[in-house]
1. Answer with yes or no whether Val179 is over 28 Å from Thr338 (Cβ atoms) and surrounded by 18 or more Cβ atoms within 10 Å (Cβ to Cβ).
2. Take region 49-76 and flag every residue that is open to solvent by 30 Å² or more (accessible area, probe 1.4 Å), hydrophobic (A, V, I, L, M, F, W, C) and touching a residue at least 40 places away in the same chain (Cβ under 8 Å).
3. Select from region 82-106 the residues that are free of Cβ contacts under 8 Å to residues at least 60 places away in the same chain and either surrounded by fewer than 18 Cβ atoms within 10 Å (Cβ to Cβ) or in contact with a strand residue (DSSP E or B) (Cβ under 7 Å, 6 or more places away or on another chain) (or both) and list them in ascending order.
4. Has region 424-431 got at least one residue that is open to solvent by 50 Å² or more (accessible area, probe 1.4 Å), part of a helix (DSSP H, G or I) and not aromatic (Phe, Trp, Tyr)?
5. Looking at Phe186 and the list (1) touching a residue at least 60 places away in the same chain (Cβ under 8 Å); (2) more than 16 Å from the ligand (Cβ to nearest atom); (3) in contact with a Gly (Cβ under 8 Å, 6 or more places away or on another chain); (4) not in a loop (DSSP other than H, G, I, E, B), which single condition is not satisfied?
6. Of everything in region 14-32, what is at pLDDT 70 or above and open to solvent by less than 60 Å² (accessible area, probe 1.4 Å)? Give them in sequence order.
7. Do we have any residue at all in region 302-324 that's touching a residue at least 12 places away in the same chain (Cβ under 8 Å), under 26 Å from Asn244 (Cβ atoms) and not in a helix (DSSP H, G or I)?
8. Sort out which residues of region 117-142 are among the basic types (Lys, Arg) and either within 16 Å of the ligand (Cβ to nearest atom) or at positive phi (or both), and write them in order of number.
Amino acid sequence: GGVECPRRRSKLKRYLWRRDEGAPVDEIIMRFLAGEDVLLDRELFPYDIRATAAHVRGLARIGILAENESGRLVALLEELLREFQEGRFVLDERFEDGHSAIEMFLTERAAEMGAKVHTGRSRNDQVAVATRLYLKDRLLHLAELNGQIAFACLQKAERHADVPMPGYTHLQRAVPSSVGLWMGGFAEAFTDNLALTLSAWDMVDCSPLGTAAGYGVNLPLDRDGVAQELGFGRLQVNPMYAQNSRGKFELIALQAAAHAMQDLRRLAWDLSLFTTSEFDFVVLPEAYTTGSSIMPNKANPDVVELLRGRAATVEAAMAEIQSVLSLPSGYQRDLQLTKAPLIRGMTCSLQALAIVPDMIGGLALRETVMSEAISVEMYTTDLALEKAASGVPFRTAYQEAKSQLDAVDAPDAAASLAQRVSPGGCGNLLLGRIRERLEQQHSRILEKKPI
Ligand code: ARG
């Protein structure tokens, strides 16, 4: 056998847009055009099928399809979804993309009827609506995970509210703090991430279907009815914007994911520090540590480190999309390149965040070690403020306290924490307010759940 010539003419694959009498399709160029698209479309396929069924029913409402035709097509689409989910229908390189696969499946089984399905739509609004449905699903999942992480942190904060630990600035010992303050901070952060995710969901909750190639069509499409059937809150009105928002909405969704991943990165950093022998404040649940292949003594926090590192994947995905989006108005094939980073960024965020709630729940706190790490000079801020409260100008009180760094007798962490009564401080954590807002935001998820 000699060297195989890679430039082969395509026989197996069929294309929706090919003229029968046209020149044979060049395999290398087609492979370049498709890229990994058909494989990525596996993520979008169920949504594409659902949106296609809604489009078919919409066509029946305006008389383009007869009742029996739309009924048959919808039944076939349900069959396709089943076969896909059971692995009997495989979306692979035989097709240019998921959209072509749907139409070919329908035309193979219902010839003439199947050939009517694309009336009044383009692959441009088809991919947009499938992506929109995908985003809505993933954002709900992201919202739920943010909620679970916030609840886990809040529970930790409530249970160990007054356990003293050092508070650091610049990674240097600063003032006595508490587990309630440390964990309460992450509870509030993930409540914000939950709220942000829900606003991202609101933003993407609009249907682009029925905008076709980006200029509308000469048919009285029932766009509102189709949008409603698909569970969208509103229409995306302008057909050109339906195309120009491709990538923009993906970025909004990834932005929500990135905030969660950035807060997770900080939490993971804290845990990787606090689990060292040098700190020894926290012990991770065993399932979250791994051994070393050479050092028998090691239990490494690999999981925590990968949680920390995953923020990079999401940020890179956003950078990739932003870079693709340097485009003029209207559909451009470049937009296809937003799909891979979107799916990569979303999938890796959800996968990382999913393991966090149980990890937080399972953290063991070494309370004595934490308490003993609060050294005497850390009380001098209390001392300065005590003097100031009794009338000494603060700058004078500060200077006096500075000259007595080790003068606090019988340092008492519990008393120091209890006296920190400024709202939100260790003696007045207001965890109830954080819980109230978290519960309120969390209940918004239910309103958005598909019925
Ligand atoms: N795979 C394409 C994409 O993701 C589908 C749309 C193709 N549209 C077109 N006009 N070539 O953008």
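The values are calculated or read from the model by the stated rules, or taken from the named source; none is laboratory data. All values derive from a computational prediction rather than experimental measurement. Methodologically, a virtual Cβ is constructed for each residue, glycine included, from the backbone with ideal geometry; neighbour enumeration extends over all protein chains shown. Just so you know, the surface numbers come from the protein's heavy atoms only, side chains and all, with ligands and any DNA or RNA stripped out. Shrake-Rupley method; radii C 1.70, N 1.55, O 1.52, S 1.80 Å.
1. Here the answer is yes, as Val179 does meet what is asked.
2. Matches in region 49-76: Ile62, Ile64.
3. Matches in region 82-106: Arg82, Glu83, Gln85, Glu86, Gly87, Arg88, Phe89, Val90, Asp92.
4. no
5. Condition (3) is where Phe186 drops out.
6. Tyr15, Val25, Asp26, Glu27, Met30
7. no
8. Answer for region 117-142, where residues must be among the basic types (Lys, Arg) and either within 16 Å of the ligand (Cβ to nearest atom) or at positive phi (or both): Arg121, Arg123, Arg132.
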